[in-house]
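One structure is given here, and the rest of the page talks about it.
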Amino acid sequence: MNPQADAETFAANVPEGEPGGTSAGESASLTLHGVRKAFGANLVLENVDLTVPAGMTTALVGPSGGGKTVLLKCAAGLLRPDAGQVDLLGETNVRHWGPLRHRIGVLFQRNALFDSMSVWENAAFPLRRRGMALEPAREEAFRLLAQVGLDQRAGEAAPAALSGGMRKRAALARAMAGNPELLLLDDPTAGPDPVLAASMEQLIRHLVCSHGTTALVVTAEVDDLESRFDRVAVLDSGRIVWHGPAGEATPDRHPLLERPPLE
């Protein structure tokens, strides 16, 4: 599936039936139980167990191409697990994500901004699909863009006119539209310079602390995890091989938590 199709599918406010299952409580915003996903003979996720506590930021780290994006798509309902169970926002064994999608914000791996829309229209897209009138949606879109450091000129521009880092920020603004309870963010700091990347992570932490939002964040950066996240999960060879408090995410727990040498 192409990135823009992912974005349009996710933002669509079309009920697909009841979420399914019974109340799972609110101690975890997302739990995966024994999730398996393969594409033909390529097994990407194998018996994945992961709990994402409510009101916290959880980092998902692991080698490139190791299934982190696939895991996020399974959590968002954009891919169906071949086996296992997804508990989401108080519902157990979710089968139909439609009624839950307005409670989730997703930042896609390649941003998935719509080329035919301006940047502000991209940020307003989820709001418009949920029935918000044009002018309030426009105002909210520019407010969100300002939060991620994009001015009105950038908001009026086409996505192609922006740098890669600016497009990433616009995609984060769209993910935040509607004050979602759960953010699924695929490498939100890839591309921006280190200072801007730090400010974006601070914004995510602010949302978590001030609004009780939960965030599962894919990141390739394992430096200083303790100050950036509450918890860390390591995905390797299709399995969660370690999961715990960020303060305990050290190389002796798993080699993938080793900081790269300074150049």
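Would you pick out the residues in region 129-138 that are part of a helix (DSSP H, G or I) and either β-branched (Val, Ile, Thr) or closer than 21 Å to GLY98 by Cβ (or both)? Quick ask: steps written out before the conclusion?
Restricting attention to region 129-138, the residues satisfying the condition of being part of a helix (DSSP H, G or I) are 129, 134-138.
Of everything in region 129-138, those that are part of a helix (DSSP H, G or I) and either β-branched (Val, Ile, Thr) or closer than 21 Å to GLY98 by Cβ (or both) turn out to be ARG129, ALA137.
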All positions within region 146-168 that are assigned to a loop (DSSP other than H, G, I, E, B), of a type in the set (A, V, I, L, M) and farther than 20 Å from THR214 by Cα: LEU150, ALA157, ALA158, LEU162
LYS68, sole failed condition from (1) buried (at least 22 other Cβ atoms within 10 Å of the Cβ); (2) touching a helix residue (DSSP H, G or I) at 6+ places or on another chain (Cβ under 9 Å); (3) farther than 13 Å from LEU30 by Cα: (2)
Those residues that are in contact with a strand residue (DSSP E or B) (Cβ under 7 Å, 6 or more places away or on another chain) and closer than 13 Å to GLY62 by Cβ, I need them from region 226-246; list them, please. VAL232, ALA233, VAL234, LEU235, GLY238, ARG239, ILE240, VAL241, TRP242, HIS243
Filter region 43-65 for residues that are among the hydrophobic types (A, V, I, L, M, F, W, C), in a strand (DSSP E or B) and under 16 Å from the mean Cα position of the chain (by Cα); which is surrounded by the most Cβ atoms within 10 Å (Cβ to Cβ)? LEU60
Only listed residue being out of contact with any Gly (no Cβ under 7 Å at 6 or more places or on another chain) and surrounded by fewer than 21 Cβ atoms within 10 Å (Cβ to Cβ), chosen from ALA249, ALA190, ALA215, ALA233: ALA190
Filter region 101-124 for residues that are aromatic (Phe, Trp, Tyr) and out of contact with any Gly (no Cβ under 9 Å at 6 or more places or on another chain) and give the result. PHE108, PHE114
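Out of ALA171, ALA141, ALA197, which single residue is buried (at least 16 other Cβ atoms within 10 Å of the Cβ), assigned to a helix (DSSP H, G or I) and in contact with a Ser or Thr (Cβ under 6 Å, 6 or more places away or on another chain)?
Details: ALA171 fails: in contact with a Ser or Thr (Cβ under 6 Å, 6 or more places away or on another chain); ALA141 fails: in contact with a Ser or Thr (Cβ under 6 Å, 6 or more places away or on another chain).
Answer to the selection: ALA197.
Given the criterion more than 12 Å from LEU172 (Cβ to Cβ), touching a helix residue (DSSP H, G or I) at 6+ places or on another chain (Cβ under 9 Å) and at pLDDT 95 or above, identify the matching residue among PHE142, PHE114. Give the derivation first.
Values: PHE114 fails: at pLDDT 95 or above.
Checking each option against the conditions leaves just PHE142.
Considering each of LEU89, LEU79, LEU32 in turn, give the residue that is modelled with pLDDT of 95 or more and buried (at least 16 other Cβ atoms within 10 Å of the Cβ). Break it down stepwise before answering.
On the way: LEU89 fails: modelled with pLDDT of 95 or more; LEU79 fails: modelled with pLDDT of 95 or more.
Only one candidate passes the filter, namely LEU32.
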Of ASP193, ASP187, which residue is at positive phi and touching a residue at least 12 places away in the same chain (Cβ under 8 Å)? ASP187
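Can you tell me which residue is nearest to the chain's Cα centre (by Cα) among those in region 160-199 that are at pLDDT 90 or above and more than 24 Å from VAL52 (Cβ to Cβ)? Can you show your working first?
If we filter region 160-199 for residues that are at pLDDT 90 or above, which is where we start, we get 160-162, 167, 170-186.
Subsequent filtering for residues that are more than 24 Å from VAL52 (Cβ to Cβ) retains 160-162, 167, 170.
Numbers: ALA160: 22, ALA161: 24, LEU162: 22, ARG167: 15, ALA170: 14 Å.
Restricting to residues being at pLDDT 90 or above and more than 24 Å from VAL52 (Cβ to Cβ), the top hit is ALA170.
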With the checklist (1) assigned to a loop (DSSP other than H, G, I, E, B); (2) closer than 19 Å to ALA170 by Cα; (3) charged (D, E, K, R) in hand, flag the one item GLU121 doesn't pass. (1)
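The values are calculated or read from the model by the stated rules, or taken from the named source; none is laboratory data. Small disclaimer: the values here were computed from a predicted structure and weren't measured. Please note: Cβ atoms are built from the backbone with ideal geometry, for glycine as well, and neighbour counts cover all protein chains shown.
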